[in-house]
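As structure tokens, the structure follows; a few thoughts come after it.
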């Protein structure tokens, strides 16, 4: 459990604390284990239904507005209600993005937390996602990416690629759904880091509403993919004892007695194999 969570619970009564512990999965606290290098984690958000209870595991949204929430479909009547939504193309569509329509100057963070369980040091990440825009008005709503390592400050050190996406706007103040969902694909890489085993990283999407007349866009993220990179340690083996002797005997008086040894190793994986020769 996070230290901040521990401090939080100490100020609560026993019954309240127990209730909060039961609600932790719904609140989205947790870390996605990364168990292998060069293996992608993918999140489509297709099970997100615009409710707190359907947030994907290990994703946490700082926004608390789920009213009206639910699904927002591009090809139905425009709604100006600020809320968190499962954004989709049409009624019944199963391709869903996590999104929101924000209020004036509202900023909410959508965080994905991971922990390094690979057995190696992670030295980089490759990450891709789509930003999807479903409506437009006069405010340039934005989504920007940053990350934090092991509780450090958020930033973009060692990052290559474009992190910021700005919604298209229209000159008139007549809000409307777009004729076609606008999709902006992003792909970035992070290098030069050192994330040891058991350490964590948080990847953040900052949803930002802007000022001025009109409204912010219905904007979301979809098709998230993350791959950790690094150097896989070379397996090594060590016997104990390192040598065996005493196998000689006089003809007619053998064979020699049985002897045994143990074999240990480091950086072993499920595919590690040993061949023994006499």
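The values are calculated or read from the model by the stated rules, or taken from the named source; none is laboratory data. What you are looking at is a predicted structure, and each value in this text was computed from that prediction instead of being measured. We place every Cβ from the backbone using ideal geometry, glycine too, and count neighbours over all the protein chains shown.
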> Does residue 147 count as closer than 26 Å to residue 46 by Cα and touching a residue at least 60 places away in the same chain (Cβ under 8 Å)?
Replying inline: no
> So which residues in region 171-219 are part of a loop (DSSP other than H, G, I, E, B) and surrounded by 15 or more Cβ atoms within 10 Å (Cβ to Cβ), if there are any at all?
Replying inline: 175, 193, 199, 209, 210, 214, 215, 216, 217, 218
>> I'd like the residue in region 26-43 that is in contact with a helix residue (DSSP H, G or I) (Cβ under 9 Å, 6 or more places away or on another chain) and loosely packed, with under 14 Cβ neighbours inside 10 Å and, out of all such residues, is modelled with the highest pLDDT.
In response: 27
>> Of all residues being surrounded by 10 or more Cβ atoms within 10 Å (Cβ to Cβ), in a loop (DSSP other than H, G, I, E, B) and within 54 Å of the chain's Cα centre (by Cα) in region 253-268, which is modelled with the highest pLDDT? Just the residue, please.
In response: 259
>> Let me spell it out: the conditions are (1) surrounded by 12 or more Cβ atoms within 10 Å (Cβ to Cβ); (2) assigned to a loop (DSSP other than H, G, I, E, B); (3) at pLDDT below 95, and residue 93 meets all of them except one. Which number is the exception?
In response: (3)
> Residues of region 31-57 being within 10 Å of the chain's Cα centre (by Cα) and either free of Cβ contacts under 8 Å to residues at least 12 places away in the same chain or over 23 Å from residue 230 (Cα atoms) (or both), which ones?
Replying inline: 56, 57
